[in-house]
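What follows is a single structure, written as structure tokens, with notes after it.
We did not get these values from a lab; they are worked out from the coordinates using the rules stated. For clarity, every value in this text was computed on a predicted model and none was experimentally measured. Ideal geometry is used to build each Cβ from the backbone, glycine not excepted, and the neighbour counts take in all protein chains shown.
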Amino acid sequence: MRPLENRLALVTGASSGIGAATARALTAAGARVLLAARRRERLESLARELPGSQVVVLDVRDATAVRAALEPHAIDVAVANAGLALGTEPVQQGDPEDWSVVLDTNVKGVLHVVRAVAPKMVERGRGDLVLLGSVAGRQVYPGGNVYCASKFAVRALYEGLRLDLAGKGVRVTTVDPGLVETEFSEVRFKGDVERARRVYAGVRCLRTADVADAILYAVTRPDHVNVGEIVLWPTDQASTTIVKRAR
């Protein structure tokens, strides 16, 4: 059974991690997937695995480019997954350039994608908008400041979209995971692989496929069911600051 047969899905940040896993899950469910990210080589490699997929080289921070790339398509499912963190310095020592990259990607990037795809969903009276949030949008942690602020903003956008799209037939979902072992920390620490490894050491983290499975669940419910919020924690993680690690 392929519940997304004949549906067109968009996944931003599809070149790795949760995005790539989501693209695989949606394809397995029958969707044709637009694979959007900045890294062409990785997208093309993934596209070779996924029948019917299409590569869209795209930086979600560029509103004009997002609109030009996405508006021509009648997208049924849009997963706004692209996001990142940079650094863990306290605000008084932070880098404003890093802040701009994080906020422009995590907040404005979501807005750009939604603005490009939502009007056609409203016209058709159906569609799914899935925002990739985080438990960092529910609990602030030391060193999280601007990244947490960006994910709190995503949660606010989710709630605002529910009001803006009420009665339009368009479903809105936020999926908020805890620790998932991906390239996230390596990016945050600007290539320091060893420091990134320590974030996940001794923890049975969520897998990217676990998050993709939650997204797939939300977008394959009957039309009258909107799964609004999914929060996923590893069993070993009690909060953003309390994590059980194997000795």
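Restricted to segment 130-156, and to residues there that are of a type outside the set (D, E, K, R) and touching a strand residue (DSSP E or B) at 6+ places or on another chain (Cβ under 7 Å), the residue that is surrounded by the fewest Cβ atoms within 10 Å (Cβ to Cβ) is Val135. Counting only helices (runs of 4 or more DSSP H) that sit completely within segment 14-129, those holding 3 or more residues that are surrounded by 24 or more Cβ atoms within 10 Å (Cβ to Cβ) correspond to 17-28, 109-124.
Among the residues of segment 23-38, which ones are among the hydrophobic types (A, V, I, L, M, F, W, C) and under 18 Å from the mean Cα position of the chain (by Cα)?
Within segment 23-38, the first condition is being among the hydrophobic types (A, V, I, L, M, F, W, C), and the residues that meet it are 23, 25-26, 28-29, 31, 33-37.
Answer for segment 23-38, where residues must be among the hydrophobic types (A, V, I, L, M, F, W, C) and under 18 Å from the mean Cα position of the chain (by Cα): Ala23, Ala25, Leu26, Ala31, Val33, Leu34, Leu35, Ala36, Ala37.
Of all residues in segment 220-227, none are touching a residue at least 12 places away in the same chain (Cβ under 8 Å) and in a strand (DSSP E or B).
Okay, residues lined up against (1) part of a loop (DSSP other than H, G, I, E, B); (2) over 15 Å from the mean Cα position of the chain (by Cα); (3) polar (S, T, N, Q):
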site: Val140; (1), (2), (3): yes, yes, no
site: Arg155; (1), (2), (3): no, no, no
site: Glu159; (1), (2), (3): no, yes, no
site: Ala166; (1), (2), (3): yes, yes, no
site: Val175; (1), (2), (3): no, no, no
site: Thr182; (1), (2), (3): yes, no, yes
site: Val199; (1), (2), (3): no, yes, no
site: Ala209; (1), (2), (3): no, no, no
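Here segment 214-247 is the region considered, the condition is being of a type in the set (D, E, K, R) and loosely packed, with under 15 Cβ neighbours inside 10 Å, and the residue that is nearest to Gly137 (Cα to Cα) is Lys244.
Within segment 185-213, restricting attention to residues that are crowded, with 16+ Cβ neighbours inside 10 Å and touching an Asp or Glu at 6+ places or on another chain (Cβ under 7 Å), which residue is nearest to Gly83 (Cα to Cα)? The residue in question is Ala196. Within segment 165-187, the set of residues being closer than 24 Å to Val117 by Cα, touching a strand residue (DSSP E or B) at 6+ places or on another chain (Cβ under 9 Å) and small (Gly, Ala, Ser) comprises Gly169 only. Do you know which of the residues in segment 162-174 that are buried (at least 21 other Cβ atoms within 10 Å of the Cβ) and among the aliphatic types (A, V, I, L, M) is nearest to Ile75 (Cα to Cα)? Looking at the filtered set, the residue picked out is Val170.
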